[in-house]
Amino acid sequence: MKKFSLNKRWLVLCYPLILGLCLCHSPSFAQNVPLSTTSTQQVTGTITDGAVPLSGVTISVKGQQKMVVSDFDGKYVITASPDDILIFTYVGFKTLAIPVAGRSVINIKMQEDATALQEVKINAGYYSVKQSERTGSIARITAKDIETQPVTNVLATMQGRMAGVNIIQTTGVPGGGFDIKIRGQNSIRSDGNSPLYIIDGVPYASDPIGYNQTSSTFPTVTSPLNSINPDTIESIEILKDADATAIYGSRGANGVVLITTKKGKAGKTTFNITASSGVGTVTKFIKLMNTQQYLAMRKQAFINDGITEYNPWDYDINGTWDQNRYTDWQKELLGGTSQINDLQGTVSGGSENTQFLVSGNYHTESTVFAGDFLYKKGGSQINLNHRSEDNKFRLTFSGGYNAQNNNQPAFDFTYDARSLPPNAPALHDADGNLNWENGTWDNPLRNLNAKFESKTNDLIANTVLSYELLPGLVLKNSFGYTDLSTAETRTAPSSVYNPAYNITSATSAIYLNNTDRSSWIVEPQINWEKDFGSGKLGVLLGATFQSQTTTRLFQSGNGFSSNSLIYNLASANSVNVLLSDETHYKYQAFFGRINYNWQQRYILNLTARRDGSSRFGPGNQFADFGAIGVAWLFSNQSFLKDNSWFSFGKIRSSYGTTGNDQIGDYQFLNTYTTSAVAYNGNIGLQPTRLYNSNFGWETNKKLEMALELGFLHDRIFATVAWYQNRSSNQLVGVPLPGTTGFT
């Protein structure tokens, strides 16, 4: 589906850290307007990069605690005296020191500092690292890349922007999901290839929450990742190789997606509103036959089979249907225009020690199908940062609550759009009613009466406490909680059938799915950094304790006295419980990292993790994983350091192992389920799985070598990488004799 955005965004949230290839910019300038007096008064101005205003630029008075931040329009107001010097700071741009010199208006054009971009710290999970000093493969996009895209799913913002990250949209239906694979498929099992998602330090389960009976046509129509509002994201980092992912152990086998939300900035309280509206259409249809070509093909088929007379039910060629009618069913059933609307509001600000950000959003999106269907979602986000006066104690809290309400057709019109004969009857008769052509065809619009509805509520919260016990020694603890609940229904009323069949509401059915998933995680950590002459040593130790509980209830109801009562299970002639279970997943780990940087030229990074998972049996619950990464920043060698055209050069390599426990809960145990057969008036149990003591970890061994080069202050930047992933100990089924009772 192609989306044309009619963007009305005149106010935007604070700009994030900016990475990317840099363009040439003009030097800064200042516009002079003399002050009428020498007393302290307000200085105003506008800050741009030469083309667009820059928001989030920090303006301070040299030698004072006074500081403000520019708004969306790049404007600022600060109180200063004529002899003061204003300091303009913005990540990725050169810091400017501009004397007030008796002016009341100072407009600034900032110049990008390409070299400084290599000094930007990126999120590597449990730690942050300078872009230039990372030994692992980490890709990154920021809010600048995200905020201009009219998308609802966070994965859509990454499509086509990261090498080795393959993202495919599984359906064009609003609220639909995406399939992501980072450097290919690691597991033969279809359910064992999802990456690990971390939102502000909290693991987020992306496992499908749908049920094949409630969303059989659009598998897992509502993606849980839709709960993440792209407008609230500050940056997204993708960890790819062993060096970057091994610290996550088994959870990082398929890569890691780190999502960081926006935070408040010090300065006066600002109110921002963002509104956008767009439309969506199917960009290209399959080229199909017209009526003459179709009829010729059909007639030739009968000749090829030696059939001389058409059957009574061959309405398309036996003369029952108009032989000259032509309908482009793709345009008729899929040629609509979807309307997309977004509204976002943000309040942010705070002091030097405490900053806050509160935001809310609302999104609606219709479909290109015939009929009225709508996907709605809304939510709120809050972030709070606080540090003590002595900078030793820090607290960070982030929380988000989002709700989705999806109303879609229960059947896919795409099949009818591509399979109906081009001379099939019109959809409506002369009176505007559904046309059944005397019972000779099944009008595709009958399926408008069957609906899929889904409601999902999602809560994510995290608190991080840290304290600097000694210089360079920091104790930290992270507490996270998630809670997701979804309710799905799919109806199949009798009105979806041709009236000529005389089918009553006694055949109507409804399928229901109620799934709840909650988890908590605690991660204590200790981080120590120390400079030793020409070298710098960093040590990180930590542990993870996580628990997840999932409850599912799948039901169906059949036979209703009226289609109007189809949502009332008490009105059904029969109610079946298709599945009712509660599963518990527990996970714990201990991890460590040692990093040594000598003269900012040679870097060694060692990571290790010991994982324990409840998904494996005794003797196989624990496994060890680790990686080594090395890098040589040869551009920092003395003979290249001051080169005018060659700005950056690095060779890096890594090798390590990761595991995988994405195999579902209780797979190694003898398990039973209720039998649908009653014996002596009682419902019994039947076995569903055999005990397997050898059920163990899948293992992935990853090797990578890469070369990174920057030219002309990194305005031209290139990365060439070679990698090899080897997966072993695959958890696949082995055929057994039927005499065992388990094939």
Between THR719 and LYS530, what length comes free when the chain is fully extended (0.36 nm per residue of separation minus the Cα-Cα distance, one decimal in nm)?
65.0 nm
1/(1 + (r/R0)^6) with r = Cβ-Cβ of THR504 and THR281, R0 = 41 Å, i.e. FRET efficiency to nearest 0.05, evaluates to 0.55
Quick check: pseudo-label points 7 Å beyond the Cα along Cα→Cβ at ALA676 and GLN64, how many nm apart are they?
7.9
Here the gain from full extension of TYR467 to THR743, 0.36 nm per residue of separation minus their alpha-carbon distance, amounts to 93.7 nm
Cross-link list LYS121/LYS702; LYS455/LYS701; LYS75/LYS240: which exceed 30 angstrom alpha carbon to alpha carbon?
LYS455/LYS701; LYS75/LYS240
So what does log10 I(q)/I(0) come out to for the chain at q = 0.06, 0.11 Å⁻¹, using the Debye formula with one equal point on every Cα and no solvent?
-0.48, -1.30
Tilt, helix 291-304 to longest principal axis of the chain (alpha-carbon atoms), in degrees rounded to tens, equals 50
Other residues with Cβ under 13 Å from the Cβ of THR456 give, with Lys and Arg +1 and Asp and Glu -1, a net charge of -1
Could I have the simple spin-label model distance between GLN667 and ASN477, label points 7 Å from Cα toward Cβ, reported in nm to one decimal?
3.4
Sparsely packed trypsin sites (Lys or Arg not before Pro) within the range 692-729, loop by DSSP, other Cβ within 10 Å at most 16:
ARG715
Loop-only check: which chymotrypsin sites (Phe, Trp or Tyr not before Pro) in the range 378-465 are DSSP coil with at most 16 other Cβ within 10 angstrom?
TRP436
The alpha-carbon pair-distance distribution computed for the range 204-343, with 10 angstrom bins and whole-percent values, is 8, 17, 21, 20, 14, 12, 7, 2, 0
Taking the chain and counting helices only, DSSP H stretches of n ≥ 4 at -39,500 (n - 2.57) each over all residues, the nearest-500 ellipticity at 222 nm comes to -1500 deg cm²/dmol
On a straight-distance basis, which lysines could pair with LYS451 in a cross-link, Cα separation under 18 angstrom, same-chain partners fewer than 8 positions away excluded?
LYS376
Any chance you could run the full-extension gain for ASN304 through LEU579? It's 0.36 nm times the residue separation minus the Cα-Cα distance, nm to one decimal.
94.1 nm
Scattering curve values for the range 117-261, log₁₀ I(q)/I(0), Debye with Cα scatterers, q = 0.11, 0.13, 0.15 Å⁻¹
-0.41, -0.57, -0.76
Please work out the FRET efficiency for the pair THR354 and LEU537, using the Cβ-Cβ distance as r and a Förster radius of 30 Å; give the result to the nearest 0.05.
0.40
For the range 313-391 the GluC sites (Glu not before Pro) that pass both the DSSP coil test and the at-most-10 other-Cβ-within-10 Å test are GLU389
Calculate, for TRP520 and THR89, the FRET efficiency according to 1/(1 + (r/R0)^6) with r their C-beta to C-beta distance and R0 45 Å; round to the nearest 0.05.
0.70
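We did not get these values from a lab; they are worked out from the coordinates using the rules stated. Computed from a predicted structure; not experimentally measured. Cβ: placed from backbone, ideal geometry, glycine included. Neighbour counts: every protein chain shown.
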